[in-house]
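S.K.: Before I ask anything, let me first share the structure, which is written out below as structure tokens.
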Amino acid sequence: FMKEVFDLFIRDIVTTAERKNLTTKHPEFSHLLQEYRDGILLFEISNKVVWSKPATEQPELESAWLKELNKKYPVEVNWKVLKKVMK
């Protein structure tokens, strides 16, 4: 019984240490976590603005929302680079 308790104690210590150093050991994890948070936020916003409305209003609301986003956050597409990447 004591060996099992000791093993659980050691596992808990190792797990806690790994969690604390996760972003240090694996920097890509923090980027993945940020993408996950951003995705959830984007889903919530689009759900409130577009998808929770009646089906007949959705296309108009979606296009209006996209226009508003494009005004706020303009994106310039480099078509030459995009074509190279897609090859």
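The values are calculated or read from the model by the stated rules, or taken from the named source; none is laboratory data. These numbers were taken from a predicted model, which means no experiment stands behind them. Glycine also receives a Cβ, built like all others from the backbone with ideal geometry; neighbour counts cover every protein chain displayed. These accessible areas exclude ligands, DNA and RNA; they are computed on the full protein's heavy atoms, side chains included. Shrake-Rupley method; radii C 1.70, N 1.55, O 1.52, S 1.80 Å.
S.K.: Per DSSP helix of 4 or more residues, -39500 (n - 2.57); summed, then divided by the residues of the chain. What does that give at 222 nm, rounded to the nearest 500?
M.R.: Theoretical 222 nm ellipticity from helices: -24000 deg cm²/dmol.
S.K.: Can you give the angle from 0 to 90° between the axis of helix 27-46 and the longest principal axis of the chain, with both taken from C-alpha atoms, to the nearest 10?
M.R.: Around 40 degrees separate the two axes.
S.K.: Hey, another quick one. Would you mind checking the tilt of helix 58-72 against the longest principal axis of the Cα atoms of the chain, expressed as 0 to 90 degrees and rounded to 10?
M.R.: Roughly 80 degrees, rounded to the nearest 10.
S.K.: Also, quick follow-up: For the chain, what is the accessible area per residue in Å² when the probe is 1.4 Å?
M.R.: On the way: 8410 Å² over 87 residues.
I get 97 Å² per residue for this part.
S.K.: So what does F9 come to for accessible area, using a 1.4 Å probe and Å² rounded to 10?
M.R.: Counting only protein heavy atoms, the figure is 120 Å².
S.K.: Continuing with this model, one more query. Give me the distance in nm between label points sitting 7 Å out from Cα along the Cα-to-Cβ direction at R11 and A55, one decimal.
M.R.: Distance between the two pseudo-spin positions: 4.9 nm.
S.K.: Of the labelled options (1) 12.5; (2) 14.5; (3) 17.9, which one gives Kirkwood radius over Cα pairs in Å as computed for this structure?
M.R.: Correct label, based on the coordinates given: (3).
S.K.: Just read off the accessible area of Y36 with the full protein assembly in place, 1.4 Å probe, to the nearest 10 Å².
M.R.: 150 Å²
S.K.: Further question: Report, to the nearest 10°, how far helix 2-20 tilts away from the longest principal axis of the Cα atoms in the chain, using its own Cα long axis and a range of 0 to 90°.
M.R.: 40 degrees
S.K.: Please report the accessible area of S63 (heavy atoms, 1.4 Å probe, ligands and nucleic acids excluded) in Å², nearest 10.
M.R.: S63 has an accessible surface of roughly 50 Å² with all protein chains in place.
S.K.: Using only the alpha carbons of the stretch 21-72, determine the length spanned along each of the three principal axes and report them from longest to shortest in whole angstroms.
M.R.: Principal axes ranked by extent give 49, 23, 10 Å for the Cα atoms.
S.K.: Right, another one. Out of the total accessible area of the chain (probe 1.4 Å, heavy atoms of protein only), what percent is carbon and sulfur?
M.R.: It is 63 percent, rounded to a whole number.
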